[in-house]
Every structure is written in C-alpha cells, then in structure tokens.
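Read the structure below first, then the notes.
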Amino acid sequence: MKIGIIGAGAVGSACLTALVPRRGAREVVVLNRDRKKARGLVTDVQYGAVLSPGIEVRDGDYSDLAGATLVMITAGVNEKTGGATDRNDPAGRLRLLDTNVEVYKDIVPRLHAVAPEALVLVVTDPPDPLADAVRLLGHERVLSTGTYLDSLRFRFHLARRLNVNPSSVEAQILGEHGTSAVFVWSSARVAGTPIRELLEQSSQNWEEYCRDIEQEVRFANIAIIEGIGASQHGIGMASARIAEIVLRDERAVIPIGSYQPRYGVTLSLPSVLGGAGAVQVLEPEMSQAERQALQRSADTLKAAGARMKL
C-alpha cells in the first residue's frame, strides 16, 4: 500500500520517521513545494529505513500519489510562524486558518485529480476546519487528526497524577482540536473506576485537579514550542498510528475528526476507524455541561468555517 505525505517541514518529517518503523505501507511518497527539501528528507530517512525491510521511501510529485490509500497533508504555516502561541488568545490554532486555507486551495485540487479515492488525513493546524475545506474543495474522503493527540495527552497526565500506566486510563477529549476542546471528565476511568472516585480516596481536591490537568493538556503544544520550536513528534506518532489503523482496517475506536451532519462541521467524536475511514460514531456518556460544551465547540468551528474563502 502507498501513503503520501504532502509537506516536508517539521510535522511532515515527524510523520515520516514515525511511519517507517511501523511497516504498515510498502511505499511512502513525500511531496513539498520545494522538491529539494523533500528529496533531502527522503535521503536522510531512507538510510534508517534499511532497518524496516520492504518499505520504499521516495520524493515525488502529485502524479506519484496515484493509487495512494492514504495521503497526509502537513503543509502550511505552523503555530510559531503563524503567531498562535499566546496562552491568552481565545482563537488559538484558528488564527492560522486563513493562511492555511490558501495553501490547501492549491493542494487539494491537484491531489484529487490524481488520487480521488485516497483517504486524506489533515494534520495541518487547525485540522478540523481544514478538513471541511478539503471536503468543500471536492474531496469528500477526509479526516482530521482532531483530538486524538489531545486525548493521549489527557491520558498521560491523568496516569502520571494517579501513578498508573497510561494504557490503563480511559479518557477522551472531544470537539475541536483547539481552545474549545471538551474534556469528558464524566466518563474518565481507570479499570472501570471513575477518576473522581479515585481522587476522593486520595483526598485530592476535584476542581483544582481538573483545572491543573486541563492547563497542562491545553497548553502542551505551546510548552513544546517554547522548548524545541515546533510541536511535531507527538503528532507524527499519532498520525502514524492513524495510518496503521486505516491500512490494516483495524476498526479501532479512537477520537478522530470527521464531518458530523448533526453539528454541521468536522469535529472529533469516538469513531470506529478502518480502511473505509470513520464508519461509525460511538458517543460516550456525557454530562449536560459537557454536551453543552460540545455544542459550543461545534459553534466555534462553524463560525471559523463560515469565514473561509474557497
């Protein structure tokens, strides 16, 4: 199977280096506006790819995406370059939308012309309205990475506070991959035990605990950017895992962004993911407040989408 990556910047590079060891694809084609950059990335990675026999990594042009099962789009302005690193800015990643829509207006028609059946995975920020842009530009098979990485961060910080392995934590963030993301505390559990019960046993303050965790998760990207200049490796690994689920038709259930007719936008809900994309939504238990927050998140995304000039 063939995977395409459009964009050879920090995130595209991280997606590629995370994909190769998983051996899910037989061929990975990297495109970049400056092909020399794609060629340099491929030249670097191909030597390590010797350790993953059976995978061909190469640079290419749009015509080389013909027959691709999945195409990741990572191209566009990132948070640091686009000025989306202010913790007090309610727009957050949505500040990048206008600029990155222009990038997608060039990419999507060229991609669709050669690979109309490919499943597109939008990784560029803000991924949810950009997935809607892909759909409105004529390519309907599209997902956004959505809140998958946010949910992994949520699980990580919960596990660290509770001193358990993150794989034992069930916790999800839904809605927008951005400032209106919804932390679903009401269904967060460890081995079937609600997080709130575990906190009561340890005499921790619930409100303070929630506030601290949410701060760590919401601004993880900014903390990373302040340290290394770009938030790239986590999303690269999450994107590679999504690709693996699709290529293997695993029908795994993860929070991922897909168009939700009920809300009129792309946003993240727990979904059965496989070769055909997100084929079924499985909504978790939510409190009334969480459901209202999810509607507000949808409204935020809808308002952002309404200003797109396609």
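The values are calculated or read from the model by the stated rules, or taken from the named source; none is laboratory data. Treat the numbers as computed from the prediction; the structure is a model and nothing was measured. Cβ: placed from backbone, ideal geometry, glycine included. Neighbour counts: every protein chain shown.
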* Output for region 245-303, where each listed residue is of a type in the set (Gly, Ala, Ser) and under 24 Å from ALA188 (Cβ atoms) -> ALA252, GLY257, SER258, SER268, SER271, ALA278, SER287, ALA289, ALA293, SER297, ALA298
* Structure fact -> Sole miss for GLY227 among (1) part of a helix (DSSP H, G or I); (2) within 19 Å of the chain's Cα centre (by Cα); (3) within 29 Å of ALA8 (Cα to Cα) is condition (2)
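Taking into account only those residues within region 253-310 that are of a type in the set (Asp, Glu) and closer than 21 Å to ALA91 by Cα, which is nearest to the chain's Cα centre (by Cα)? Full working, then the answer.
To start, the set of residues in region 253-310 that are of a type in the set (Asp, Glu) comprises 283, 285, 290, 299.
Then keep just the ones that are closer than 21 Å to ALA91 by Cα; that gives 290, 299.
Numbers: GLU290: 21, ASP299: 20 Å.
So, considering only residues that are of a type in the set (Asp, Glu) and closer than 21 Å to ALA91 by Cα, the one nearest to the chain's Cα centre (by Cα) is ASP299.
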* Structure fact -> Scanning region 260-295 for residues that are touching a Lys or Arg at 6+ places or on another chain (Cβ under 7 Å), free of Cβ contacts under 8 Å to residues at least 24 places away in the same chain and either among the small types (Gly, Ala, Ser) or not assigned by TED's automatic domain parsing to the domain that holds ARG189 (or both) gives none
* **Scan of region 190-209 for residues that are modelled with pLDDT under 95 and in contact with a strand residue (DSSP E or B) (Cβ under 8 Å, 6 or more places away or on another chain), ordered by number** => ILE195, LEU198
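Are any residues in region 9-22 in contact (Cβ under 8 Å) with a residue 40 or more places away in the chain and not hydroxyl-bearing (Ser, Thr, Tyr), and if so, which ones?
Applying the first criterion (in contact (Cβ under 8 Å) with a residue 40 or more places away in the chain) to region 9-22 yields 9-19, 22.
The answer is GLY9, ALA10, VAL11, GLY12, ALA14, CYS15, LEU16, ALA18, LEU19, ARG22.
Yes/no matrix, rows are residues, columns are (1) touching a residue at least 12 places away in the same chain (Cβ under 8 Å); (2) crowded, with 22+ Cβ neighbours inside 10 Å; (3) among the hydrophobic types (A, V, I, L, M, F, W, C):
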{"residue": "ARG26", "(1), (2), (3)": "yes, no, no"}
{"residue": "TYR47", "(1), (2), (3)": "no, no, no"}
{"residue": "LEU51", "(1), (2), (3)": "yes, no, yes"}
{"residue": "ARG58", "(1), (2), (3)": "yes, no, no"}
{"residue": "VAL71", "(1), (2), (3)": "yes, yes, yes"}
{"residue": "ALA91", "(1), (2), (3)": "yes, no, yes"}
{"residue": "LEU96", "(1), (2), (3)": "yes, yes, yes"}
{"residue": "ASN100", "(1), (2), (3)": "yes, yes, no"}
{"residue": "PRO116", "(1), (2), (3)": "yes, no, no"}
* Asked: Out of all the residues in region 158-175, is one or more touching a residue at least 60 places away in the same chain (Cβ under 8 Å) and closer than 17 Å to ASN78 by Cβ?
  -> no
* Evaluate region 225-243: report whether one residue or more is surrounded by 17 or more Cβ atoms within 10 Å (Cβ to Cβ), farther than 17 Å from THR124 by Cα and not assigned by TED's automatic domain parsing to the domain that holds THR69. => no
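From ARG251, ARG262, grab the single residue that is of a type in the set (Lys, Arg) and on the phi < 0 side of the Ramachandran plot. Give the steps one after another, and end with the answer.
Values: ARG251 fails: on the phi < 0 side of the Ramachandran plot.
Among ARG251, ARG262, only ARG262 is of a type in the set (Lys, Arg) and on the phi < 0 side of the Ramachandran plot.
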